[in-house]
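Only one structure is covered here, and it is reproduced in the block below.
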Amino acid sequence: MYPLSSRELEKLKKALEAIYTVPFIDDVEDFIWEAIFCYVKNIPLVDPLTNIRKKRLFDIVDPSTSVGWSAKALQSGVDISRHFELVIQRADIFKKSQELGFNSLSVASPPEDLGLALLRHWYGKVYEDAEAQGVTNRRMCILVKSKDRKTYGFLEEDLSDYEPPELYWIWTNETKTGLQGIRKKDKFCVFRWYPNQKQFFERFILPENTHIFSIEPTRLPMDEVVDLLLSQLNSTA
């Protein structure tokens, strides 16, 4: 894990409080979370208003350190040791079976073959995008939000890099609607894949040293926000 400094944690709280004052913003996710993280870490922001953003894995890249982050934000309970999962990729391994080194794949294939194909599919994307984006240190930055948006957990860690022997794969049940990738050393399910939707999930646990904190989201009136922003804009013109 990469804990925030006290100054970075304070900047994160302030940014969240500021964002929620704007009644035109419904939640902190996607680009808004990326922008907040760039502010917290003092990293140059690639603004989609003025730049064409390519669909690459690493939403944020610090060119001075070659660190890249896949930024994720999700609603969940914010408790130590709570499990949660995130969609990391759409993985149609049946369609791409030959590209992945198999003659063909289906739900009738051995689970270990399906798991190996999923790892090749996922890590192929990881390594390809890391090279294209100049990333040598691959990480995730995750913001976990309570339903009322008052409590938050922040987690930054290295992007997982599992070797096939570290996992075993089993179907959730006899209907074969979900495939699980289980970490052998502690029997924790680290991956899920659903063949119908082709969605590939990675699962996490909030560790004991997770930054957990609270804020009081407060909305300002729309007219007040618009007038304030336009006044600031005019004063700098």
Just need log10 I(q)/I(0) for the stretch 1-64 at q = 0.14, 0.15, 0.22 Å⁻¹, Debye formula, equal scatterers on the alpha-carbon atoms, no solvent, rounded to two decimals.
-0.46, -0.53, -1.06
Dipole size in debye (nearest 20) for the chain around its Cα centre, Lys and Arg Cβ +1, Asp and Glu Cβ -1?
480
Would you mind telling me the antiparallel percentage of the DSSP bridges in the chain, rounded to 5?
80
Work out how much length residue 233 to residue 127 would gain on full extension: take 0.36 nm times their residue separation and subtract the Cα-Cα distance, in nm to one decimal.
34.0 nm
Where Rh is the Kirkwood radius over Cα pairs, Rg/Rh for the stretch 1-110:
1.07
Calculate what fraction, in whole %, of the accessible area of the stretch 1-157 sits on carbon and sulfur atoms when a 1.4 Å probe is rolled over the protein chains.
49
Straight-line reach only, C-alpha to C-alpha below 18 angstrom: list the lysines that residue 96 could link to, leaving out same-chain residues fewer than 8 apart.
125, 198
What does the highest-first list of 151-163, 95-107 look like by mean Cβ count within 10 Å?
151-163, 95-107
Just going by the charge dipole of the chain, with Lys and Arg at +1 and Asp and Glu at -1 on Cβ, which of 111, 160, 188 is farthest out on the positive end?
111
Normalised contact order of the chain, rounded percent, pairs of Cα under 8 Å and 6 or more residues apart
25
Roughly how many whole Å is it from the C-alpha centroid of the stretch 103-128 to that of the stretch 1-71?
32
Heavy-atom surface of the chain, accessible at 1.4 Å and reported per residue (Å²):
55
Over the chain: helical MRE at 222 nm, DSSP H runs n ≥ 4 each giving -39500 (n - 2.57), nearest 500:
-9000 deg cm²/dmol
Quick one: plug the Kirkwood hydrodynamic radius of the stretch 117-237 (C-alpha pairs) into Stokes-Einstein at 37 °C, 0.692 mPa s, and report D in µm²/s.
177
Spelling out what I want: for every residue of the stretch 209-222, take phi, set θ = phi - 60°, compute 6.51 cos²θ - 1.76 cosθ + 1.60 (Karplus), and round to whole Hz; glycine and proline get x.
9, 5, 6, 10, 8, 10, 9, 10, x, 9, 8, 8, x, 4
Please list, in chain and number order, the residues 5+ apart from residue 159 or on another chain whose amide H is under 5 Å from its amide H, with Hs placed from the backbone.
138, 139, 140
Give, as ranges by residue number, the residues of the stretch 71-100 whose backbone N falls under 18 Å from the point 7 Å along Cα→Cβ of residue 212.
74-85
dims of the chain, Cα set, principal axes, largest to smallest, nearest Å -> 65, 36, 31
So the FRET efficiency between residue 188 and residue 225, C-beta based with R0 = 45 Å and rounded to 0.05, is 0.50
Where nothing but the Cβ of Lys and Arg (+1) and of Asp and Glu (-1) is charged, how large is the charge dipole of the stretch 93-203 around its Cα centre, in debye to the nearest 20?
560
Using the Cα centre of the stretch 195-237 as origin and beta-carbon charges of +1 (Lys, Arg) and -1 (Asp, Glu), tell me which of 218, 230, 200 is placed farthest towards the positive end of the dipole.
200
Quantify how much of the Cα-Cα distance distribution of the stretch 46-182 extends past 22 Å, in percent.
52
Cross-link partners of residue 54 among aspartates and glutamates (Cα-Cα below 12 Å; sequence separation of 8 or more within a chain)
129
Going residue by residue through the stretch 182-190, the Karplus relation 6.51 cos²θ - 1.76 cosθ + 1.60 with θ = phi - 60° gives ³J(HN,Hα) values, rounded to whole Hz and with x marking Gly or Pro, of 9, 6, 5, 5, 9, 6, 8, 6, 9
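The values are calculated or read from the model by the stated rules, or taken from the named source; none is laboratory data. Note that the structure is predicted; figures quoted are calculated from it, not measured. Reconstructed Cβ throughout: ideal geometry from the backbone, glycine too, with neighbour counts over all protein chains shown. In case anyone asks, the SASA skips ligands and DNA or RNA and just uses the protein heavy atoms, side chains included. Shrake-Rupley method; radii C 1.70, N 1.55, O 1.52, S 1.80 Å.
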